[in-house]
Amino acid sequence: MRPSVGSGLGGSRSLVSSGRMVAAYVGIPGCVDYTVVGDTVFVASRLTAGVKEGEVVLEEGMYAGVAEWWAAEPRGEIQVRGGARPVLVWQVRGYSRAYSYVLSAPT
């Protein structure tokens, strides 16, 4: 029996998003840190605050790219504080039927 999506996350929350961002080492010699910045990072950070423990949530654009493999249901729109428009998010429920067939097909 395969574990369900979200099991074994140790009480963590997961939000998967995609988009443009800038990733770089920032700081001064002796005190350098790796960071990511941009609107995509801002929105993902705000959305993560609305994810419950043990959930795996995808933002709308990311779900469109993986809908073939993951079964999910719309969780509704979340208005991101400081954002121009609400963001539709999807809660992952498990593998899609097509992907489950691929996983169980004999090799």
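Just so you know, all these numbers are worked out from the coordinates, no wet-lab data involved. All values reported here derive from a predicted model rather than from experimental measurement. With ideal geometry, Cβ positions are generated from the backbone for all residues, glycine too; neighbour counts draw on all protein chains shown.
Once you order the gyration tensor axes a ≥ b ≥ c over the Cα atoms, which shape class does the range 14-104 get: rounded for a/c under 1.5, otherwise prolate or oblate by comparing a/b with b/c?
Judged from the Cα gyration tensor, the range 14-104 comes out prolate (a/c at least 1.5, a/b above b/c).
Calculate the dipole size of the range 14-104 relative to its Cα centre from +1 charges on Lys and Arg beta carbons and -1 charges on Asp and Glu beta carbons; express the result in debye to the nearest 20.
Working: 8 positive and 9 negative charges, 21 e Å.
So the dipole magnitude of the range 14-104 works out to roughly 100 debye.
Local charge sum around residue 67 (other residues, Cβ-Cβ under 14 Å, Lys/Arg +1, Asp/Glu -1)?
Working: positive: 93, 97; negative: 59, 60, 68, 73.
Spelling it out: positives minus negatives among the neighbours equals -2.
Which net charge results for the neighbourhood of residue 52, defined as the other residues with beta-carbon distances under 11 angstrom from its beta-carbon, given Lys and Arg at +1 and Asp and Glu at -1? Walk me through the intermediate numbers first.
Details: positive: 13, 75; negative: 53, 55.
Summing Lys/Arg as +1 and Asp/Glu as -1 gives 0.
If Lys and Arg each add +1 and Asp and Glu each add -1, what is the summed charge of the other residues whose beta carbon sits under 9 Å from the beta carbon of residue 19?
On the way: positive: 20; negative: 39, 59.
In short, -1.
Sort 62-68, 78-84, 27-33 by packing, meaning the average of other beta carbons within 10 Å per residue, with the highest value first. Display every interim value, and only then the final one.
Working: 62-68: 14.3, 78-84: 12.1, 27-33: 7.4.
Top of the packing list down: 62-68, 78-84, 27-33.
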